[in-house]
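Structure record follows, encoded as structure tokens.
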Amino acid sequence: MGKAKIKKKSTFIDMTAMSDVTVLLLTFFMLTSTFLQKEPTIVYTPSSVSEEKVPVNNLVTILVSSADKSGKLEDPAAVEGKIFISFTGDVDSTFSSGTIRGLMLDKAVGIYNEQHKTAPIEMTAARRKAFMETNMIGAPFAALPALLDMSISERDKVQGDLTRADVGIPINGNKDKEGRLNDFQVWLKAIYLVSKDIHDQKADGLTAEEAKGLEDLYNAVTKDGRGIAIKADKDTPFTTVEMIFDNLQTMSLNKFSLMTALTSEEEVSSTAK
């Protein structure tokens, strides 16, 4: 007796609907995600159990480089403690990061040149534009014009070389805010004054929405500490970070936060034991 033949059915599956859903999901995640900005150096922040999130707008980030972990330098600590700073405005573009960077630069250069009348730095329109487009900067004011004259790729390469003497914002233990400020304190004073100018309604040329953006920044910087975040490596000595704390407090910026990574459940359990 012959075998019964099973009628073959088509294995074709219409994937059109699934493709549409995939594209919609991809578009959704792209539009709602916050992309990480490129930083000159990578640091691994310490762990903590705090679930409070760092704000994504109206934020000043102070990045502190760690000791070299590649094993290529004879003195790994030689590149530790280099300081970089970034300014983030309103993510909804009512007060963009570029605008706030430009205002911070204008104020900081003015303060620096007032202190260095015999050797001021010149900030051209092209240099100002380059600064506005740069996420994070770390250089002495004297080296800033040359850095901003470079292309983006050259600038990234220079700032990524932590062995260079002209990389990193100079800082010291200066606690006399009425005397000559170090470069780091100049930026801190600029941060405070720019936000205060808007708070006191002294700034010109800004729309009401832009003014509100800096009003929010003023509150975040001076009142609740959300506006300034320090990002340092978990292995960086406290003495290195303490100098940043001291400089912030010298400039009357007494509230700030320290970026950490959320401790995993396994780490909490092992600590409890």
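Structural remarks
- Solvent exposure ordering (accessible area, 1.4 Å, most first) of VAL49, VAL23: VAL49, VAL23
- Cα gyration tensor of region 66-156 - equivalent ellipsoid semi-axes, whole Å, descending: 26, 19, 13
- Other residues with beta-carbon under 15 Å from the beta-carbon of VAL241 carry, at +1 per Lys or Arg and -1 per Asp or Glu, a net charge of -2.
- Net charge contributed by nearby residues that have their C-beta within less than 13 Å of MET123 (K/R +1, D/E -1): +2
The values are calculated or read from the model by the stated rules, or taken from the named source; none is laboratory data. All figures in this text were calculated on a predicted structure; none of them were measured in a lab. Heads up, the Cβs are rebuilt from the backbone with ideal geometry, glycines too, and the neighbour counts pull from every protein chain shown. Ligands, DNA and RNA are stripped out before the accessible areas are found, and what is left, the full protein with its side chains, is counted by its heavy atoms. Shrake-Rupley method; radii C 1.70, N 1.55, O 1.52, S 1.80 Å.
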